[in-house]
């Protein structure tokens, strides 16, 4: 049986080389789980912290829930998506680096976004939750490439046919 990646268009082969379909589907499954888990952490921490620090509980909740969710996501990505072995601390630190920009940007975006939602809608008390959901979407969309090329990057092995690199981790 012919290898479909050999008979498809060069553009499709290039896309599949950078985003292996099975790996990306696994990433979406783990990402969906972690989005629900992370948002639940954010929601619960915001509710709890709103009694302690009512004005900006969602800022502290975003930071705390991000570290928790990143650690849970890391294990899912490591074991099920990129299937790497060993290097737990190094890969977890790389994972934190990938998410750091997102955490900083989402935290910075929360206050203005909450203000905008409160100003333009009738959702005064729900505004932090809506804003948290919106900034969470950015994280899911932007992190795949960071994880693929930094967090779980493996050294390339020499190609056997000179055509495409064969990576040390499973790209299926």
- [ ] Under 16 Å from a label point 7 Å along Cα→Cβ of residue 96: give me every residue in the range 51-69 with its amide N that close.
- [x] 63-69
TODO: Give me 83, 122 ranked fewest to most by other Cβ atoms within 10 Å of their Cβ, as a rough exposure proxy.
DONE: 122, 83
Open item on the list: List residues of the range 79-99, by number, whose backbone nitrogen lies under 19 Å from a label position 7 Å along Cα→C-beta of residue 67.
Closed with: 89-99
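Report the extension gain between residue 40 and residue 105 in nm, rounded to one decimal, defined as 0.36 nm multiplied by the number of residues separating them, less their alpha carbon distance. Please report the intermediate quantities before stating the final value.
Values: separation 65, 0.36 × 65 = 23.40 nm, distance 1.99 nm.
Fully extending the segment from residue 40 to residue 105 adds 21.4 nm.
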- [ ] Give me the orientation-averaged projected area of the Cα convex hull of the range 25-141, in nm², one decimal.
- [x] 7.3 nm²
TODO: Neighbouring Cβ atoms within 10 Å as the yardstick, rank 79, 92 fewest first.
DONE: 79, 92
TODO: Sticking with the crude label model, points 7 Å out along Cα→Cβ, report the distance from residue 28 to residue 79 in nm, one decimal please.
DONE: 2.3 nm
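Values quoted throughout were computed directly from the atomic coordinates according to the rules given, and no laboratory measurement underlies them. Bear in mind the structure is a predicted one, so any value in this text is a computation, not a measurement. Reconstructed Cβ throughout: ideal geometry from the backbone, glycine too, with neighbour counts over all protein chains shown.
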